[in-house]
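For reference, the structure is listed below as structure tokens.
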Amino acid sequence: MRDEPLPDHNGRLPRWLLGIWALALLLTVALAFDLSPWLRGDTDWRWSYLPYLAPARVLAVGAALTLYIATAAQLWRWALTGDVGRRARWGVGFAALAGLAIQIVVQFVSDADPWREVLLRTNSPFLAGFWNAATDVTNVGDFLRHFPEIAADYAVPHIQRHPPGLILYFVALQRLFVQFPVATAFVVDRLRLYRCEYWPLLYVVTDVQYAATVGGFLSPLLNVLGVWPLYAVGRRILGERAALAATLLSPLAPGYVVWAGYWDQAFVLVTGILLWLLYLALVERRHWAWWAAGALLSVGTFFTHAMLVLIGFAGFYTLLHLWLAREFWLAHWRQTLLNGTGFVIGLSSVWLTYWLAFGVTYLDVFRANTTTHFEMATTYLLRLFYNPYDFALFLGYVLGLLALVALWQVGRARAARQPMSPARTLVMAFGLTMAALVVSGSSRAEVGRVWVFLMPLAVLSAFAVEGGPAHSTGRWVATAAIVALQLIVLQVIVFTDRAVNHVYEMSASATPVGTRVGDFAELAGYEVNTGQLRPGDMLNLTLYWRVLRPPPGDYTVFAHLYAKELGVAALRDSPPRDGQYPTSCWQLGEIVSHNAPLATTPDTAPGVYELIVGLYDPAAKNQRFATIGPGARDLSIVLTEIQIVPNQP
């Protein structure tokens, strides 16, 4: 394995690469059509098959990914024909910016508003829960002091199995927004549509708490920033050519995009920085890098226990380097010992501070977070296959297979007693880490999302293959296209359409009305289940409001059965949909249906009553809005007459 991939003899495509492409395509097609449920997992964990195919959206996303691949290929070729170091920076910057766009655009496959999908992964307690937990924190000191007990009581698995870091991040954002009310109002106004679509957010949380949901958008940003350390360390380990190729392909990794907005993807940045620091410490012998690597992992473990796996990788990678350069390190054993001490001090820094300040140790937090996790039933032998398979499913089949080829090439090189290059050392350390993780049985159920942070190591390993995708532009394009296809397939089948149903036509069975209310709405029509009632009966009334412009406030709908001589037979005053879709949430042009059941009492006087409806502003002393059109009378709308007949004796 060379640091700079060179052309094969006679430049022909190797058969094994054609076989990998063919197998990856076959698996992707089989996955798309669900030819076997075992492609989605085993009996312990199986991803749901929820295909939502909107052809126009899929084609638009496919075109965007094709444009990215074509542009990236040209950038790669251009960088290699001149000053690689300077031109490569343009390629990395492009990968970062385009990577962020890809994460948002691909959500369009399953939601016409891609921002909704990303934000939902922050404010939904079932998809994450960190922001939700932060809304309950009133005293940070008490929260940290009692975190092990608090964590054990969380009902949502995601927050129950994480250290306090992410919860405190959202607490800090809330405290920040308290100091900047103008910023709070701006964010709340911009995100109001999404708040309206999940009605508890309108009443359960304050504006300041809701504004903090914007912090969820940091996750995709941190993910794409990971291309910078990926390239920085990649060019030292693989060489400029392969490093830039790996960097330009990484934004297409399905795990990065499908899980946009989940915090697992953010730790990709930690992995890249850690590998860069380890390389500086072990190869370039920068002593400060040992301390920095330890501190980075300490901070990481405060946010997720998954960083324990990176500590294992750091151990394997360090031991391999120490063994390969043992003569140097033994000759400088005092410095080696000092470096190791610095790493351990950095690694313990955050948790030592936590213990000294609040009396809580890492083991206390780990036990509280993982007790229920390790109680999950699992089939060990199935996990030996399906854990790495699930990882490859969201890495991309073709990249997973290439990483296996890289391991095979390293094994063949060692058997031939060839020297260990930096690329081979990385591949071997990654392979040992994956093997230890799988054999340990520590992971339960899904790993495709949880192991996303390991994907930079897998991508670099895939591009360390001799004769692989870094060999030529054509091979890179073919590999990238297969990864992009799998990305689209996963987005189509894993996530159903979550778009809120904004309706723009009323029911065909409704009676048309067409009366304006104020300057913002029109009563387009209504439906009633009957024109005759008996005392004690219920009248089922549905109103259809057409929005002429977004209302500036929250108004109340009233519906009354009234006769001048007899009085009120039934009445109902309530916000639209009982407050679940207030008027301030209404969107221009949509038809908002509102059910207003009217219950009469057994002693209601028989007679003919008018069905009267309208809107009023509770913030303006219940002032009713003017009405213009059919049935308009006295700031209300008379829809029809309802007869109440006496009960049979």
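The values are calculated or read from the model by the stated rules, or taken from the named source; none is laboratory data. Treat the numbers as computed from the prediction; the structure is a model and nothing was measured. Cβ atoms come from the backbone with ideal geometry, glycine included; neighbour counts cover every protein chain shown. Heavy atoms of the whole protein, side chains included, go into the accessibility calculation; ligands, DNA and RNA do not. Shrake-Rupley method; radii C 1.70, N 1.55, O 1.52, S 1.80 Å.
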- Task: Tell me, please, whether a residue that is more than 29 Å from Met428 (Cα to Cα), open to solvent by less than 60 Å² (accessible area, probe 1.4 Å) and out of contact with any Phe, Trp or Tyr (no Cβ under 6 Å at 6 or more places or on another chain) can be found in the range 341-354.
- Result: yes
- Note on the structure: In the range 60-110, anything outside any helix (DSSP H, G or I), surrounded by fewer than 17 Cβ atoms within 10 Å (Cβ to Cβ) and of a type in the set (Gly, Ala, Ser) is listed as Gly82
- Kindly check whether there is at least one residue in the range 135-156 that is open to solvent by 70 Å² or more (accessible area, probe 1.4 Å), closer than 30 Å to Val350 by Cα, out of contact with any strand residue (DSSP E or B) (no Cβ under 6 Å at 6 or more places or on another chain) and of a type in the set (Phe, Trp, Tyr). no
- Could you tell me whether any residue of the range 418-436 is within 27 Å of the chain's Cα centre (by Cα) and open to solvent by 10 Å² or more (accessible area, probe 1.4 Å)? yes
- State the number of residues belonging to the range 585-627 that are of a type in the set (Asp, Glu), open to solvent by less than 20 Å² (accessible area, probe 1.4 Å) and part of a strand (DSSP E or B). 0
- Please identify the pairs in which a residue from the range 364-383 that is closer than 15 Å to Glu149 by Cβ has its Cβ atom under 6 Å from the Cβ atom of a residue that is open to solvent by less than 50 Å² (accessible area, probe 1.4 Å) and outside any helix (DSSP H, G or I), counting only partners at least 6 apart or on another chain. Val365/Pro163
- Note on the structure: Residues of the range 442-495 being among the polar types (S, T, N, Q), part of a helix (DSSP H, G or I) and open to solvent by 10 Å² or more (accessible area, probe 1.4 Å), in sequence order, are Thr473
- Query: Tell me, which residue of the range 527-584 that is out of contact with any Leu (no Cβ under 9 Å at 6 or more places or on another chain) and in a strand (DSSP E or B) is surrounded by the most Cβ atoms within 10 Å (Cβ to Cβ)?
  - Reply: Thr542
- Task: State whether one or more residues within the range 555-576 are closer than 16 Å to Leu615 by Cβ, within 36 Å of the chain's Cα centre (by Cα) and free of Cβ contacts under 8 Å to residues at least 24 places away in the same chain.
- Result: yes
- Task: Grab the helices (runs of 4 or more DSSP H) fully contained in the range 277-361, keeping just those with 3 or more residues being at pLDDT below 95 and on the phi < 0 side of the Ramachandran plot.
- Result: 307-324, 326-331, 333-358
- Selection count where residues are among the aliphatic types (A, V, I, L, M) and either in a loop (DSSP other than H, G, I, E, B) or more than 18 Å from Phe302 (Cβ to Cβ) (or both), scope the range 153-189: 9
